[in-house]
Amino acid sequence: MCNYGYDECIKRAREFYDDWMEYDTPLPTNFKALIYDTIARHGSESEWKKLYDLALKSPSYAEKLRILRSLSNTKNSALLK
């Protein structure tokens with residue numbers, strides 16, 4: 001639903017992301033890819049770069065891959081260069 005621009009989905013994904021960034025609240029495991037996708041697509045350039053940095057620093061190969069796949073959903077193609 002978030003990929004189709006459903007506002008309530010985007011809002012909820014942003015809430016999860018903001019809580020994670022501000023309070024270190026863990027993201028729901030089953031929704032991590034959805035949250036990463038939504039932030040990469042609808043978030044700011046600085047949020048995209050934050051996710052990129054997190055991917056580079058992640059000790060988990062699976063998590064790194066999940067984040068990097070999501071980053072390709074950005075609307076700003078200049079970030080992919």
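What follows is calculated from the coordinates using simple rules that are stated; it is not laboratory data. The structure presented is a predicted model; accordingly, all values stated were derived computationally and were not measured. We place every Cβ from the backbone using ideal geometry, glycine too, and count neighbours over all the protein chains shown.
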(Q) Can you tell me which condition Leu27 does not meet? The list is (1) free of Cβ contacts under 8 Å to residues at least 12 places away in the same chain; (2) surrounded by fewer than 15 Cβ atoms within 10 Å (Cβ to Cβ); (3) closer than 18 Å to Tyr52 by Cα, and all the others hold. (A) (2)
Q | Filtered residues of the stretch 50-81 (kept if exposed (fewer than 14 other Cβ atoms within 10 Å of the Cβ) and either in contact with a Cys (Cβ under 6 Å, 6 or more places away or on another chain) or touching a residue at least 12 places away in the same chain (Cβ under 8 Å) (or both)) | A | Ser72, Lys75, Asn76
Q. In the stretch 46-80, how many residues are of a type in the set (Asp, Glu) and under 10 Å from the mean Cα position of the chain (by Cα)?
A. 1
